[in-house]
Amino acid sequence: MPALSGSLSYARFFVPEKLPRGFFDRSLEKIRHRAMRPLEASDPAPERAGWCVMGDPLDLSLPRERIFLDGWVNLGLRIDRWAIPGPLFKSKLREAEAKYLEKKGRERLGRRERAELKEVVTGELRKKLVPTTRALDLTWAVEDGLVRFFSHSEKPTGIMLDLFKATFGIELVPESPFTLGERLGLDEDALVAWDELEPTVIARPSR
Amino acid sequence: MSLQRVDRIEQRRFVGRELLLWLWMESELFESTLATEEHGSFGFWLENKLVLSAETESTRIRAAMPGAGREAKEALLRGQLPESMGIRISHEGEETSLALGADKLGVTGLKLAALKEEHDGHVPGDLVDELSGKNQRRKKKKQVEEIDDSPFYDRMEKTAAVEGLLVALYRDFLALRLSPRWNALIAPTMRRWAMGEAVDAEAYRAAKRGKRPRKR
């Protein structure tokens with residue numbers, strides 16, 4: 001459910017601090033440092049994430065005019081992952097194990113040998129496969145200090161929060177009933193009342 | 001983040017569920033017409049999907065008017081509260097639908113009122129130009145080269161407007177939730193409404209504003 005077309009599904013996050021002057025002038029380089037680097041078969045990591053152009057996961061050049069719009073910072077979070085189908089991996093591993101045992105003239109594999117074979121098979125399969133790519137939009141309304149991230153899934157959200165902090169040095173605050181109330185201006189009395197809130201019970205009393 | 005702040009966020013997430021419950025009840029009592037100070041009155045009703053839950057138990061209702069049947073109210077009486085609900089908003093002639101989640105106030109499936117570009121597009125203009133003998137080729141090539149950001153701005157503007165309305169509703173809800181009127185008036189009314197008892201909407205409206213209902 002992206003920012004640019006169709007229906008929108010997103011979670012809201014807030015920038016809890018005022019940004020210093022020239023913040024965004026210094027940000028472009030930082031964003032580019034955290035640009036997505038596509039996964040290679042030889043990479044040990046099973047997954048990698050980085051920034052791409054919003055709406056275009058293949059554009060990793062991150063030109064200024066695609067990121068900084070009037071009052072907005074727009075980015076795509078691209079997550080690449082090696083997804084080797086389980087049955088394929090198992091059958092290739094069995095093949096490799098059989099070949100290895102035959103070559104060594106043995107009947108059983110040691111634990112370390114098995115782990116090494118797994119690595120070899122994974123590497124070989126990665127050369128033949130393409131990693132799965134997922135791209136999620138992020139828009140930052142700078143004036144409002146509001147970031148909309150177009151996913152509700154826990155894992156990509158965690159990746160986004162880490163990458164955002166690494167890039168901009170900002171720990172985003174996820175929206176919740178309290179944070180929204182806080183931004184609406186809870187005074188001291190309201191905060192006391194908030195702390196004393198008990199859930200409203202609608203249920204029939206149990207007999 | 002301080003422990004107190006974490007507590008305020010995590011231990012009071014139920015407030016989001018109570019917001020949905022309050023909106024549901026008010027939309028029924030006020031016949032799908034709610035109002036805020038800055039927006040005036042607007043259409044607001046539940047549609048498509050209502051999910052209620054409590055601990056391991058949950059009730060999912062898919063219907064044109066998911067809050068209208070007894071099933072939804074029975075779930076409330078069994079102790080469940082809304083976890084997410086489909087909403088339609090009709091404001092200033094524009095219709096918007098979305099699902100609002102309770103715990104993080106997240107928005108899902110927000111369908112904005114049709115954008116101007118989507119209505120008009122370039123086709124009618126092209127057709128008019130074609131009929132008047134103008135050649136559009138050069139213009140189209142230019143459009144491909146230049147990225148038009150206006151749909152993004154339009155979408156974000158409309159999204160912010162919907163959020164503004166939801167925030168205004170939350171502000172009104174919170175004013176009640178944090179006042180003694182909640183336990184004295186709102187919660188008992190909610191229980192009666194959930195039980196299917198008659199609720200005098202106008203008396204409720206007056207009482208929640210701290211006024212005595214007018215005698216009829």
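Read-outs: derived from the displayed coordinates by stated rules, not from any lab. Nothing here was measured: the structure is a model prediction, and the numbers come from that model. Note: ideal-geometry Cβ built from the backbone for every residue, glycine included; neighbour counts use all protein chains shown.
Using the alpha-carbon atoms, what tilt in degrees (0 to 90, nearest 10) does helix A:23-33 show relative to the longest principal axis of chain A?
Taking Cα atoms only, the helix is inclined about 10 degrees.
About its Cα centre, how strong a charge dipole does the protein assembly as shown have in debye, to the nearest 20, once Lys and Arg get +1 and Asp and Glu get -1 at the Cβ?
Once rounded to the nearest 20, the dipole reads 1460 debye.
Starting from the Cα-Cα distance between A:E124 and A:R94, subtract it from 0.36 nm times their residue separation and give me the gain in nm to one decimal.
Gain on stretching A:E124 to A:R94: 9.4 nm.
Which three numbers, in whole Å and largest first, are the semi-axes of the equivalent ellipsoid of the protein assembly as shown derived from its Cα gyration tensor as √(5λ)?
Semi-axes from the Cα gyration tensor: 46, 32, 23 Å.
Go ahead and run the numbers for FRET between A:L28 and A:D189, Cβ-Cβ distance against an R0 of 45 Å, rounding to 0.05.
The value I calculate is 0.50.
If you look for lysine pairs in chain A that are eight or more places apart or on different chains, how many of them have Cα atoms under 13 Å apart?
Step by step, the pairs that qualify in chain A add up to 4.
At a temperature of 37 °C and a viscosity of 0.692 mPa s, determine how fast region A:86-128 diffuses translationally according to Stokes-Einstein, using the Kirkwood radius over alpha-carbon pairs as Rh; express D in µm²/s, rounded to the nearest whole number.
It comes out at roughly 310 µm²/s.
Answer rounded, prolate or oblate for region A:1-89, using the Cα gyration tensor with square roots of eigenvalues a ≥ b ≥ c: rounded when a/c is under 1.5, else prolate when a/b is larger than b/c, else oblate.
Because a/c hits 1.5 or more and a/b exceeds b/c, region A:1-89 counts as prolate.
Picking from A:L75, A:L184, A:L138, which is most flexible by a Gaussian network model of chain A using Cα springs under 10 Å?
Comparing A:L75, A:L184, A:L138 in a Gaussian network model of chain A, the most mobile one is A:L184.
With everything on Cα atoms, drop me the angle between helix A:111-128 and the longest principal axis of chain A, reported from 0 to 90° to the nearest 10.
Between the helix axis and the principal axis of chain A, the angle is about 70 degrees.
Please work out the C-alpha center-to-center distance from region B:1-58 to region A:142-197 and express it in whole Å.
So the two Cα centres are separated by 18 Å.
Going out from 0 in 10 Å bins, what whole percent of all Cα-Cα distances in region B:1-102 drops into each bin?
Percent of pairs per bin, in order: 15, 43, 28, 13, 1.
Please list 3J(HN,Hα) in residue order for region B:192-198, calculated via the Karplus relation 6.51 cos²θ - 1.76 cosθ + 1.60 where θ = phi - 60°; whole Hz, with x for glycine and proline.
Ordered by residue, 3J(HN,Hα) equals 5, 4, 5, 6, x, 7, 5 Hz.
Quick one: A:L136, B:L52, fewest Cβ neighbours within 10 Å first, how do they rank?
In order of increasing Cβ crowding within 10 Å: A:L136, B:L52.
When Rg is the radius of gyration of the Cα atoms in chain A and Rh is its Kirkwood radius, what does Rg/Rh come to? Could you put the intermediate results ahead of the total?
Numbers: Rg = 24.2 Å, Rh = 20.9 Å.
Radius of gyration over Kirkwood radius for chain A works out to 1.16.
In chain A, what percentage of the DSSP-assigned beta bridges are antiparallel, given to the nearest 5?
Values: 29 of 30 bridges.
Percent antiparallel among DSSP bridges in chain A is about 95.
Go ahead and set up a Gaussian network model of chain A, Cα springs under 10 Å, then flag whichever of A:E107, A:E124, A:E154 fluctuates most.
Looking only at A:E107, A:E124, A:E154, the biggest GNM fluctuation is shown by A:E107.
Round to the nearest 0.05 the FRET efficiency obtained for B:M65 and B:A160 when R0 = 25 Å and r is the Cβ-Cβ distance.
Values: r = 28 Å, r/R0 = 1.13.
Once the sixth-power term is evaluated, E becomes 0.30.
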